[in-house]
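Have a look at the structure below, then the notes.
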Amino acid sequence: MASTYSASLSAAIDEFLQQDEAPLYPGELTSMVARAIDQQHIFLQAAQRFGTPQYMLEEERLTAQIQRFRAAFAHPRQHTWVHYAFKANPTLPVVRRIRAAGLAADVSSGMELELAIRCGFDRIVFSGPAKTDDELELALRHAGRVTVHLDSFLELERLAARAAARGISVNAGIRLSLQSHGAWTKFGIPAEQLPAFVERSRKLQHVRVQGVQFHLSWNRQAEGYCQTLERLGPLLRAQAPAGGWHFVDIGGGYYPEDDEAVYPWLTPRGRIRAMLGLQPAEGPPDDWDLRYLLHPVQPVETMAARIHQAFDRHIVACLGPVDLWLEPGRYLVNQAVHLLLQVADIKGPEVAITDGGTHLLGWERLETEHVPLINLSQPGSAQRRCRVFGSLCTPHDVWGYTYYGRGIDVGDVLLLPAQGAYVQTLAQRFIKPLCQTTVLQTSGTLRREESTETFARRYPRCSGRRSTDGCSGNRDTA
Ligand SMILES: Cc1ncc(COP(=O)(O)O)c(C=O)c1O
């Protein structure tokens, strides 16, 4: 009697909690798998020629993403500028291709600003909190091509004083933090302080405030942008800088389709089931059907159309012609870089270890998010259960709980697709070297862009002749 009662109670709880998963829907990232299998030959060739692990940039795919994004946002009447957010992937072959495609740059540090300048970008926005004096000076030395997005009242005063001392003028935007940003309120000024900020800037001759910037992350639909634009229109109309408003920069956050999926056992429902003892506390339950939970993602064309509509209605209708600025990072680059690994050991039918560790991703991301792992040496479109780990001395070094393929053996080459955004930038130097980068050029040829980190590169002061008192660098400081 008691067990019938608890079974029906847990079924009722289960049904109730299932509602939490909307709008996620069950499925697999099959198009990523099909595309990888289609290109099996070239990936295997790269692994054989350069070894593994390796990040491989597919130039053609990057170009295709750039073209699709630009075409989506092209508008007959609305002047639109696309600034690539360097933070997503500031490696040289990516940045050079972005420049060659004619995009502008969005940088967030002096290091990125210098890279954009050296790579020849002639339109650069410079955002980010707590810019240093050196960073502001660098921006001023290149004031002809840099717009500084001001993060605070203090930064306005600091930039104005430096610009006045140099006797030059610099263009600026105001980073706004809107209430809906949550933790993002650390950026910019609250929207209600905009009138005071504009008022103050009117008194500072050398800083020409021309626009505002906001940023919302992880947008799978256009609604967030549209609602923010609706709120901004009346605010901007109420108070304009001396030369009027020239642009509204709506930041980045455009989410690509087919990116990553959610493990069903980690949803709120899954976690509560685990607490109730209805599934294991960690990892997939035994009866898992090998499906994931997918996010509905609006195609970029639909997002762009909705954003343009909102921009027209809430900004242009309020202020007259104003440029629309965009700062995409992830959308442009994520699908263009893949990680190639090799199976180094098999510890039983359902446990494999690869030669690369997840320090190459920067954090233990695949413990909580799914990206398909594809066995290129034994390709197949069906999944098999297997815990695939990396080679680090931590159990959290997980690539996934299945692979796509007909089997798995030592020496097999595995592909983790779509690792272009916030991966190479976040990679950690934990235990093992950072790995090489190769490029599959548009011409179809492969080349190595950067080699695997060596001992000498990581420890330059300890890499000379061996001595009995330890590393040669110690002597300099003794
Ligand atoms: C101000 C700003 N612009 C653009 C981006 C790029 O975002 P995404 O790569 O999601 O497009 C970010 C990311 O954090 C950002 O903070």
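Rounded to the nearest 5, what is the percent of antiparallel bridges among the DSSP beta bridges in the chain?
Percent antiparallel among DSSP bridges in the chain is about 40.
Per 10 Å bin, what percent of the C-alpha pairs of region 249-303 does each bin hold, from zero upward?
21, 36, 22, 17, 4
Express the Stokes-Einstein translational diffusion coefficient of region 272-403 in µm² s⁻¹, to the nearest whole number, given a Kirkwood radius over alpha-carbon pairs, 10 °C and a viscosity of 1.306 mPa s.
My calculation gives 85 µm²/s for D.
Just going by the charge dipole of the chain, with Lys and Arg at +1 and Asp and Glu at -1 on Cβ, which of Val439, Leu150, Val33 is farthest out on the positive end?
Towards the positive end, the residue furthest out is Leu150.
Divide, for region 320-386, the radius of gyration over alpha carbons by 2.2 N^0.38 Å, where N is the residue count.
My calculation over the Cα atoms of region 320-386 gives 1.66.
Only bridges with both residues in region 101-175 count here: give the DSSP antiparallel percent, nearest 5.
0
Excluding same-chain residues fewer than 8 positions from Lys432, which aspartates and glutamates have a Cα within less than 20 Å of its Cα?
Asp345, Asp355, Glu364, Glu367, Asp397, Glu449, Glu450, Glu453
Run the dipole for region 226-385 about the Cα centre, Lys and Arg Cβ at +1, Asp and Glu Cβ at -1, nothing else charged, and hand back the magnitude in debye, nearest 20.
440
Based on Cβ point charges of +1 for Lys and Arg and -1 for Asp and Glu, what charge dipole magnitude is obtained for region 124-186 about its Cα centre, in debye rounded to the nearest 20?
Charge dipole of region 124-186: 140 debye, to the nearest 20.
Rounding to the nearest 20 debye, state how big the charge dipole of the chain is about its Cα centre with +1 on each Lys and Arg Cβ and -1 on each Asp and Glu Cβ.
With Lys and Arg at +1 and Asp and Glu at -1, about 1580 debye.
Work out the charge dipole of the chain with +1 on the Cβ of Lys and Arg and -1 on the Cβ of Asp and Glu about the Cα centre, then indicate which of Gln298, His308, Leu194 is farthest towards its positive end.
Result: Leu194.
How much net charge surrounds Lys131 when only other residues with a Cβ under 15 Å from its Cβ are counted (Lys, Arg +1; Asp, Glu -1)?
Here the charged neighbours net out to -4.
Among Pro268, Pro460, Thr91, whose Cα lies farthest out toward the positive end of the dipole of the chain, if unit charges sit on the beta carbon of Lys, Arg (+1) and Asp, Glu (-1)?
Farthest towards the positive pole: Pro460.
So how many Å³ per residue does the convex hull of the Cα atoms of region 1-156 work out to?
Hull volume over Cα atoms, normalised by residue count, gives 279 Å³.
Span-like helices, the chain: DSSP H, alpha-carbon axial extent 18 Å or more, mean Kyte-Doolittle -0.5 or greater, which ones?
Passing helices, by number: 2-18, 153-166, 223-238.
Once the Cα atoms of region 106-191 are picked out, what are the Rg and Dmax in Å?
Final numbers for Rg and Dmax: 12.8, 39 Å.
Classify region 334-478: rounded, prolate or oblate, from the alpha-carbon gyration tensor (a ≥ b ≥ c, eigenvalue square roots; a/c under 1.5 rounded; otherwise prolate if a/b is larger than b/c)?
Taking the square roots of the gyration eigenvalues as a ≥ b ≥ c, region 334-478 is prolate.
Is it possible to state the helix-based mean residue ellipticity at 222 nm for the chain, with each DSSP H run of 4+ residues giving -39500 (n - 2.57), the sum divided by total residues, to the nearest 500 deg cm²/dmol? What is it?
-9000 deg cm²/dmol
List, largest first, the extents of the alpha carbons of region 162-276 along their principal axes, each in whole Å.
66, 31, 27
When only alpha-carbon atoms are used, what values of Rg and Dmax, in angstrom, describe the chain?
25.3, 86
Which value does Rg/Rh take for region 207-274 over its C-alpha atoms, Rh per Kirkwood?
1.23
All other residues with a Cβ under 15 Å from the Cβ of Val33 taken together, and with Lys, Arg as +1 and Asp, Glu as -1, what is their net charge?
Here the count lands on -2.
Once the other residues with Cβ under 13 Å from the Cβ of His83 are scored (Lys, Arg +1; Asp, Glu -1), what is the net sum?
Overall, the nearby charge balance is -1.
Values in this text are rule-based calculations from the coordinates and carry no lab data. Remember, it's a predicted structure, so these values are computed and weren't measured experimentally. Please note: Cβ atoms are built from the backbone with ideal geometry, for glycine as well, and neighbour counts cover all protein chains shown.
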